Number of protein chains: 2
Amino acid sequence: MYRDRIRMPSLMGKVVPPEVAAGLIKDGMTVGMSGFTKSGDAKVLPAILAERAQTEHFKINLLTGASVSDEIDSLLTKAGIIARRMPYMGDPTLRKAINAGEVMYVDQHLSETVELLRAKQLASIDVAIIEAAAITEEGGIVLTTSVGNSASFAIFAEKIIIELNLSQPTELEGLHDIYIPSRRPYREAIPVVAPNSRVGTPFIPVDPSKIAAIVISDRKDNPVKLEKADDETNAIAGHLIDFLKNEVKQGRLGNRLAPLQSGVGAVANAVLRGFTDCPFHDLTMYSEVIQDSVFDLVDSGKLVFASATAFSLTQSCWDRLFADFEKYKRHMVLRPQEISNHPEVIRRLGLIAINTALEADIYGNVNSTHVGGTHMMNGIGGSGDFAGNAYLTTFVTKSVAKGGAISSIVPMVSHVDHPEHDVDLLVTEQGLADLRGLAPRERAKVVIENCVHPTFRDAMRDYYKEAVKRGGHTPHVLEKAFSWHIAFRETGDMRKAFSK
Amino acid sequence: MYRDRIRMPSLMGKVVPPEVAAGLIKDGMTVGMSGFTKSGDAKVLPAILAERAQTEHFKINLLTGASVSDEIDSLLTKAGIIARRMPYMGDPTLRKAINAGEVMYVDQHLSETVELLRAKQLASIDVAIIEAAAITEEGGIVLTTSVGNSASFAIFAEKIIIELNLSQPTELEGLHDIYIPSRRPYREAIPVVAPNSRVGTPFIPVDPSKIAAIVISDRKDNPVKLEKADDETNAIAGHLIDFLKNEVKQGRLGNRLAPLQSGVGAVANAVLRGFTDCPFHDLTMYSEVIQDSVFDLVDSGKLVFASATAFSLTQSCWDRLFADFEKYKRHMVLRPQEISNHPEVIRRLGLIAINTALEADIYGNVNSTHVGGTHMMNGIGGSGDFAGNAYLTTFVTKSVAKGGAISSIVPMVSHVDHPEHDVDLLVTEQGLADLRGLAPRERAKVVIENCVHPTFRDAMRDYYKEAVKRGGHTPHVLEKAFSWHIAFRETGDMRKAFSK
């Protein structure tokens, strides 16, 4: 039955057992795998490789779109196969190995990985492992539930292994829009001028002779788990929607707003869901992922079109999608992450970007990645692509974490992913800080009064007051800038920094 | 004799004494002035306004392209007129007022100011004061030695005051290419596909009825002073050119390299001059400013075309330009800074970006703006526009400053303008760190061994060793991360942090 899905007869002979395909991967190779937020990832080969590692020592450099299923990164980490990993990950086992210095993780803006490959600034891809729903008459690869970096991986790779996944519906064909920017310096403008622009092909055009092996798979995508919305996430959504209502009132935005971008995760998902019950209409989305909440927005008639590079769905939402795929397909497109996250397109469309901060400081600098300034959480992902180029760059976070022991707003962030220049709005459940057009001293006041949790507010006022005495455009007391972080590291509670 | 330069007869009656024109500017207004790196700035009105402040209390928000002549910012600061200033400045008097919290300075990416104005995210421009070389038959404004933000200021402003400068040669007409992106969400691609693309008009198209006053000026642009190249700047240039030669050898670049961008100042100027004696040829430049060294490159036949938003020249170089203007004009274009610095174009052209760091850290994070993490030096300028989007982002700095009391490479930068994700190369006179594709722990080793001054190297190794013991993707000892800065603040010498 896989025969219907391989429409180029000459490729039929490439179907091999997984072990044979895995044999193409040798020690020291750079491997590009499909997969973005667990969707459309290679599901068969990783397990085979991990097994092989029990009897053979080898290491690979592993590139993906973004996160893949935990079991994949986890399995490969435990097997000791990963020498180098980029551009994003989300698995606890791998995270531990990265923070121990055992795996060299290169944290990258998600739009940049294939640009670096194209310019030969990274080691070239030896083998691409790409999950596909079908292969066309001309040998084109029809992707499944994510595009990610798969198109460029396949185009750059010396050899391609296809995981033909029979559990992925054939209706996926036509959902993808594969457009690859030409090599510089003779590049033309990327012709995307609206979220629903279609500018490429519905499959990856590759030289079919590069397809070295096809393995048959029937494993479904792993669903994501999503924390439920709570009072805090709802309050964050409420503040942001109130702000946007006022922007409409002030004439800065119309009721269609601007194309929305929203990061992955519970807070961002809750914020998006907040749009189902609002006066805005004919919304569009130009984002990295299509999350559960997008389906609510489509069904409520609020959202007319969503562009992304992948789905990121809970099980019930996967069921919802595939129960009515043709309906949803009319409202959606999946693009290469280079295009979904491209600075050129983001700036042109003028996005409202909403991403989650790990911590932020009183001047609006944002840390998206490093716990305590040192330990990698997941990676910067697409947040930098969007923050640097959006019309309205918003970061959201609950004001406290770990039962109140951590303030997400600190005197100085322990790691900077997004400098204050790029941050327009900061929102916690406490309130919203509109930082547009403000100097640092003005920013500090707004952030302290609007965003900091009451438990930390007085201490933050004290810090700022002492800093201002020293003067400067961006006042700080360097000896105390990290005192909250240090207290947390030593005592497990930031509050110990000021309440002895 | 100014009559030849006002080619629309109905505007002749708008010529007024400067005091009359200055009367249009009222307390609380937002004023947009022409000027970028001292070139093409308004030269008459500022002095009149400062004089008026002696008898009348008023304040304005002042926007420019970038830095203007020190005498202007200095005069207006001393007169107490500036409430708010953006997006860049370079004057010591103003700097002092900013660091004392007396002037609210909003440090912005130079490509973004007019985008924010267009989206009404900043207070709108009441009056634009624009230096012009001529006014066309249709009332279009022909600019002088910079474009900067002048075009959008004039287009957005309620009223325009022209400073018609008779000392600026009329041959300037035709040098400028004024292209303004359309308002979002219906924006098309910016059609610049090469440094020499001409896509706009040679003048600013404005409704002539907005031209409220014309004042006649004959003051020349203030020349810049440039520190001489020395052994260190020459060594930096040498390291970078050796690196580029190797890139050509490795097949990553051709002998035409890629369009060059170079920041303002002595180090960047020395680096550019280094290209006059190299195997590369048919070079192009897509940059913010045309500096002295560009003329050497043009005359040596190395550089075929330079695109920028302004000249930034010493007196001898101004003389050189105007002695042979028609020749140089064939090799140059001046664009709005929104276009010279636009992420879309920077990414498309694939620039080699070379900018100066104030300090950098072992992981490649760069501080361009804040001395000791608190005191503003000049502003981020265009460095963020270029760093985030270039093909090869390079930061250069001498490894030590203040006679060796300051290490420009520190354990952790005290302020982050450019996160490590955006930094490919770090170059000091000690050597070059190629950070591409490296994880933080690998970056640290290369930066410490290649870039840190020998006086600080052992102490840096010790810091890093202690940090690694604590673990993490980006190891740090937060209690000691700023110890060098703190020692400098307390003793005037960073070395006191480790040599008691």
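The values are calculated or read from the model by the stated rules, or taken from the named source; none is laboratory data. A quick note: this is a predicted structure, and the numbers were derived from the prediction, not measured. Reconstructed Cβ throughout: ideal geometry from the backbone, glycine too, with neighbour counts over all protein chains shown.
So the values come out like this:
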quantity	calculated
Extreme residue, farthest from A:E115 (Cα to Cα), among residues of region A:68-95 that are among the small types (G, A, S) and at pLDDT below 95	A:S69
Yes/no for B:S262 being away from chain A (no Cβ under 14 Å) and of a type outside the set (F, W, Y)	yes
In region B:51-82, the residues that are small (G, A, S), crowded, with 24+ Cβ neighbours inside 10 Å and in contact with a Lys or Arg (Cβ under 7 Å, 6 or more places away or on another chain)	B:S67
All positions within region A:228-238 that are closer than 29 Å to A:G35 by Cα and assigned to a loop (DSSP other than H, G, I, E, B)	A:K228, A:A229
Candidate set from region A:117-146 (those that are closer than 16 Å to A:L62 by Cα and crowded, with 21+ Cβ neighbours inside 10 Å); member that is nearest to the other protein chains (Cβ to nearest Cβ)	A:L122
Which listed residue is more than 21 Å from B:S499 (Cβ to Cβ), among the acidic types (D, E) and under 24 Å from the mean Cα position of the chain (by Cα), from B:E420, B:E442	B:E420
Counted residues, region B:250-278 - those being crowded, with 21+ Cβ neighbours inside 10 Å and without any contact (Cβ under 8 Å) to a residue 24 or more places away in the chain	1
Selected residue (criterion: surrounded by the fewest Cβ atoms within 10 Å (Cβ to Cβ)) from residues of region B:439-454 that are at the interface with chain A (Cβ under 10 Å from one of its Cβ atoms) and touching a residue at least 40 places away in the same chain (Cβ under 8 Å)	B:R443
Selection count where residues are part of a loop (DSSP other than H, G, I, E, B) and at negative phi, scope region A:356-395	16
Filter result (aliphatic (A, V, I, L, M) and either at positive phi or touching a Leu at 6+ places or on another chain (Cβ under 6 Å) (or both)) within region B:172-210	B:L175
Residue among B:V345, B:V371, B:V400 that is closer than 20 Å to B:D107 by Cβ and over 15 Å from the mean Cα position of the chain (by Cα)	B:V371
Residue list for region A:365-422, restricted to those being hydrophobic (A, V, I, L, M, F, W, C) and more than 29 Å from B:K120 (Cα to Cα)	A:V371, A:M376, A:M377, A:I380, A:V400, A:A401, A:A405, A:I406, A:V410, A:M412, A:V413
Of all residues in region B:263-289 being modelled with pLDDT under 95 and of a type in the set (S, T, N, Q), the one that is farthest from B:H342 (Cα to Cα)	B:T276
Neighbours by Cβ (under 7 Å, 6+ apart or cross-chain): first from region A:369-392, more than 9 Å from chain B (Cβ to nearest Cβ); second aromatic (F, W, Y)	A:N378/A:Y88; A:G379/A:Y88; A:G381/A:Y88
Unique match (being free of Cβ contacts under 8 Å to residues at least 12 places away in the same chain and within 12 Å of another protein chain (Cβ to nearest Cβ)) among A:R436, A:R470, A:R457	A:R470
Filter result (surrounded by fewer than 18 Cβ atoms within 10 Å (Cβ to Cβ), within 11 Å of chain A (Cβ to nearest Cβ) and either in contact with a helix residue (DSSP H, G or I) (Cβ under 9 Å, 6 or more places away or on another chain) or basic (K, R) (or both)) within region B:166-197	B:R183, B:R184, B:R187, B:E188, B:V193, B:A194
Which listed residue, of A:K43, A:K14, is basic (K, R), closer than 17 Å to A:I130 by Cβ, buried (at least 22 other Cβ atoms within 10 Å of the Cβ) and touching a residue at least 12 places away in the same chain (Cβ under 8 Å)	A:K43
Meets criteria (of a type in the set (A, V, I, L, M) and within 22 Å of A:D417 (Cβ to Cβ)) for B:V477	yes
Residue list for region B:202-237, filter: within 18 Å of B:V427 (Cβ to Cβ) and in contact (Cβ under 8 Å) with a residue 60 or more places away in the chain	B:D231, B:E232, B:T233, B:A235, B:I236
Criterion violated by B:H109 - all others in (1) in contact with a Leu (Cβ under 8 Å, 6 or more places away or on another chain); (2) in a loop (DSSP other than H, G, I, E, B) satisfied	(1)
Among (1) free of Cβ contacts under 8 Å to residues at least 12 places away in the same chain; (2) basic (K, R); (3) more than 10 Å from chain B (Cβ to nearest Cβ), the one test that A:K159 misses	(1)
Residues satisfying the stated conditions in region B:93-106, i.e. free of Cβ contacts under 8 Å to residues at least 60 places away in the same chain and in a strand (DSSP E or B)	B:M104
Answer from B:E449, B:E466, B:E479 - the residue that is farther than 20 Å from A:L478 by Cβ and not hydroxyl-bearing (S, T, Y)	B:E449
Residue list for region A:250-288, filter: small (G, A, S) and outside any loop (DSSP other than H, G, I, E, B)	A:S262, A:A266, A:A268, A:A270, A:G274
Test: residue in region A:454-473 that is within 28 Å of the chain's Cα centre (by Cα) and within 30 Å of B:L117 (Cα to Cα)	no
Top-ranked residue of region B:398-419 - restricted to ones that are out of contact with any Gly (no Cβ under 9 Å at 6 or more places or on another chain) and within 14 Å of chain A (Cβ to nearest Cβ), ranked as nearest to B:H476 (Cα to Cα)	B:P411
1 or more residues touching a residue at least 60 places away in the same chain (Cβ under 8 Å) and more than 13 Å from B:R273 (Cα to Cα): qualifying helices (runs of 4 or more DSSP H) within region B:289-340	B:315-323, B:325-329, B:337-340
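A quick yes/no check of all residues on (1) touching a residue at least 60 places away in the same chain (Cβ under 8 Å); (2) closer than 30 Å to A:V103 by Cβ:
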| residue | (1), (2) |
| --- | --- |
| B:V396 | yes, no |
| B:P411 | yes, yes |
| B:H421 | no, yes |
| B:L432 | yes, yes |
| B:D493 | yes, no |
| B:K496 | no, no |
